[in-house]
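Heads up, the thing below is written out as structure tokens.
The values are calculated or read from the model by the stated rules, or taken from the named source; none is laboratory data. Fair warning: this is a prediction, and the values are worked out from it, not measured in the lab. Virtual Cβ from ideal backbone geometry, glycine too; neighbours counted across all protein chains shown. For the accessible areas, the whole protein counts, side chains as well, though only heavy atoms, and no ligand, DNA or RNA atoms are used. Shrake-Rupley method; radii C 1.70, N 1.55, O 1.52, S 1.80 Å.
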Amino acid sequence: MKSHFPLILAASILAPLAVTQAHATALYLAPDGIDSNSCGAYASPCKTVKRALRTSSGVDRLRQGDQIYFKQGVYTINYANRNDYSINDFAPPLESCATPTQSNALLLGLDPAATADAVLEMAEDFEDPAVNRNFFGTLMSISKSNCVILDGANGAKKRIILDGKERKFGGLDNPYYLAHEGGPIPDDDDPMPSDASLLQVKHDIPANEPPSALSYGGVVIKNMEVRNTRGRGIRVSLYKNVEISNNIVRNVNYRAIGGFGENVRILNNHVSDAAKINRNNIVFYAKQRSGGWPGVVQMGGDWTFHSIFPRSKNIVISGNLVEKSWGEGIMCSCDEAQIRGNTVRDTYSVGIYLHQLSKALVEQNYIYTTTAWYHRPLQRTPVIPPSPVPDNLRRPMNGFTLASEQSVHGSIRLSDIQVRNNLIHTTAFGINYWYDSNNPGPDNTYEKINISHNTILNSQSSHAIYIDTLPPTSMRSPDNLIANNLIERTASGQDIRVTDTDLWLISGNYMINRGDYSIFARLDADRSLHAGSPPYLFRPATGHPVRNYPTQSTFTTGVLKDWDLQSRIPFKPIPGIFE
């Protein structure tokens, strides 16, 4: 991986004046460093971020454009020094770094000369989840600060790693929901794992002092590894202008990446083994006071400040791989969102959950299942153990689900959502709208939904596209579209189910019979197109009748490009993801 850091082997302390990149200060940390007011040279490193950032009397040592580098080794963080590796109250004007760069932000990075990782890990005194539960799990945070870049990689392909060392509780891996792990389903008096994050970008505001605006931001978190925690992975809360990119997040109990904010980009991360609080369907069966299972990558509202900031806004979730997890793969309850180019495989219940979403573009996502381990039971009792073998007791995740569940935010209708150019393979429903009967308000409804040019194959449920019926009390908008999709019929021969036909234009969808993949130009070596096959294999063959099928024009669907961003034929585009 190409380094973004200059190799600086000596450091000097700058006077408190404007900093340029040519005169930047670089201070170093090491596991055996010694904190002092003058520490930080390569040969005499500090031990903590706290001392590199400020003297013991609180005088700032660093400015925008400066760097703090972690030397390789293991930094053991105990409960007493849990805040010593965090950035607090570093707050140049936010407008100076709406887009953070190395010249306008404080950089925390890995020593460019490191030949091994820098690992920040929990000490033994974090072990008991019944103690210190409000702080359990946080190894590094950025709070009340602007203009910060945390870049965990260097040119030697090493990383900064945050390791929660997920300690076992009572000898069992899952610390709260113990069923299927050898223990009983817990009651409400049992200790719960913390929802703190190993890494968080958070503005801590007392509940009785709600903010007038999102006042902090300009933060980038990239190239980190975050792993092994009974809490969350990477969290953003009450921040704006945040990028979370190219991180590895794995083996986390709650949400892997997400939270609440404005202008947040979640890009090219690899997430696996997340939402483990619901491992083996435990939340489904126990349904404790903590509510349901978390989404794996999720942006939504802030529970504390929902009356003031009920929605995340201007969210981009793109290029991520989300897999092998016990919650919805990607979930967004947002305004003005783009969910593009993600791969979601083998997650629980839903691949991508579009919940109370508005003004959203959802395209070029690939959703599929390869194992039944994460299938959701079809009934709450009796307990149905997980298995890698599909059966009629459990269902795979749906590809996309649109819904407005009951929530503290009230009913927020689904509005102005384009679901286009997505590839969905071996899910339950490919795309479905679910009406939550527990939310009877008139805004539990939808408008301006456009489901066009998707390819949906091998659906395991009754239909490939299934739209729940709206009750008479719901607002009804006849401006929704299902057009030009390429759909393999289900085992029962079905394809699209819509009862509120007055609300939908359904046109130009091309149906293939079960297992008939002769439509496609290329096949894998085994003459099949299985879940996980490269998307380019799903291109219709030259000369196939599908290329002359009567479809809706691009002027109706608004889908001007295909999966490869090639222009579509305006008046007779080809169904599915490829032109």
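Structure values in brief
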| item | result |
| --- | --- |
| Residues that are open to solvent by 40 Å² or more (accessible area, probe 1.4 Å) and either under 12 Å from TYR28 (Cβ atoms) or part of a loop (DSSP other than H, G, I, E, B) (or both), drawn from segment 47-70 | LYS47, ARG51, SER56, SER57, GLY58, VAL59, ARG63, GLN64 |
| Residue list for segment 334-376, filter: touching a residue at least 40 places away in the same chain (Cβ under 8 Å) and among the hydroxyl-bearing types (Ser, Thr, Tyr) | THR347, TYR348, SER349, TYR353, SER358, TYR366, TYR368, THR369, THR370, TYR374 |
| Residue in segment 287-317 that is nearest to ASN398 (Cα to Cα), counting only those that are modelled with pLDDT under 75 and either acidic (Asp, Glu) or open to solvent by less than 20 Å² (accessible area, probe 1.4 Å) (or both) | ASP302 |
| Residues located in segment 368-384, provided they are among the hydroxyl-bearing types (Ser, Thr, Tyr) and either on the phi > 0 side of the Ramachandran plot or surrounded by fewer than 22 Cβ atoms within 10 Å (Cβ to Cβ) (or both) | THR370, THR371, THR381 |
| Residue in segment 359-367 that is buried (at least 19 other Cβ atoms within 10 Å of the Cβ), among the β-branched types (Val, Ile, Thr) and not in a strand (DSSP E or B) present | no |
| Checking THR115 against (1) in a loop (DSSP other than H, G, I, E, B); (2) modelled with pLDDT under 95; (3) more than 11 Å from VAL148 (Cα to Cα), the condition it does not meet | (2) |
| Of all residues making up segment 34-63, the number that are within 37 Å of the chain's Cα centre (by Cα), within 19 Å of LEU107 (Cα to Cα) and not hydroxyl-bearing (Ser, Thr, Tyr) | 14 |
| Qualifying residue in segment 52-66 (condition: closer than 22 Å to ASP117 by Cα and of a type in the set (S, T, N, Q)) | no |
| Which numbered condition ARG159 fails, given (1) closer than 30 Å to ASN263 by Cβ; (2) modelled with pLDDT under 60 | (2) |
| Neighbours by Cβ (under 9 Å, 6+ apart or cross-chain): first from segment 490-507, over 20 Å from THR557 (Cα atoms); second open to solvent by 80 Å² or more (accessible area, probe 1.4 Å) and of a type in the set (D, E, K, R) | THR490/ARG514; ALA491/ARG514; GLY493/ARG514 |
| Neighbours by Cβ (under 6 Å, 6+ apart or cross-chain): first from segment 265-287, at positive phi and polar (S, T, N, Q); second open to solvent by 10 Å² or more (accessible area, probe 1.4 Å) and not in a helix (DSSP H, G or I) | ASN268/ASN246; ASN268/GLY319; ASN280/HIS180; ASN280/PRO386 |
| Some residue of segment 329-351 being in contact with a Phe, Trp or Tyr (Cβ under 9 Å, 6 or more places away or on another chain), surrounded by fewer than 22 Cβ atoms within 10 Å (Cβ to Cβ) and within 14 Å of VAL271 (Cβ to Cβ) | yes |
| Residues of segment 541-560 classified as of a type outside the set (Ser, Thr, Tyr) and farther than 17 Å from LEU481 by Cβ, total | 7 |
| Count of residues meeting criterion [assigned to a loop (DSSP other than H, G, I, E, B), modelled with pLDDT of 85 or more and either aliphatic (A, V, I, L, M) or surrounded by 19 or more Cβ atoms within 10 Å (Cβ to Cβ) (or both)] in segment 385-412 | 5 |
| Near pairs, Cβ below 8 angstrom, 6+ apart or cross-chain, from segment 15-36 (within 19 Å of THR76 (Cα to Cα) and open to solvent by 70 Å² or more (accessible area, probe 1.4 Å)) to any residue that is modelled with pLDDT of 95 or more and basic (Lys, Arg) | ASP32/LYS47; ILE34/LYS47 |
| Any hit, segment 344-351, residues being at pLDDT below 95 and among the polar types (S, T, N, Q) | no |
| Residues of segment 388-445 that turn out to be within 13 Å of GLN356 (Cα to Cα), among the hydrophobic types (A, V, I, L, M, F, W, C) and free of Cβ contacts under 8 Å to residues at least 60 places away in the same chain, as a count | 3 |
| Every residue from segment 232-251 that is within 11 Å of LYS202 (Cβ to Cβ) and open to solvent by 40 Å² or more (accessible area, probe 1.4 Å) | ARG235 |
| Residue check, LEU108 open to solvent by less than 30 Å² (accessible area, probe 1.4 Å) and not in a loop (DSSP other than H, G, I, E, B) | yes |
| Single match in TYR510, TYR466 (criterion: within 23 Å of PRO570 (Cα to Cα) and among the hydroxyl-bearing types (Ser, Thr, Tyr)) | TYR510 |
| In segment 524-540, the residues that are in a loop (DSSP other than H, G, I, E, B) and surrounded by 14 or more Cβ atoms within 10 Å (Cβ to Cβ) | LEU529, HIS530, ALA531, GLY532, SER533, ARG539 |
| Segment 548-565 residues that are buried (at least 16 other Cβ atoms within 10 Å of the Cβ), paired with ones that are charged (D, E, K, R) (beta carbon under 7 Å, 6 or more apart) | THR551/LYS572; THR554/ARG568; VAL559/ARG420; VAL559/ARG568; LYS561/ARG568; ASP562/ARG568; ASP562/GLU579 |
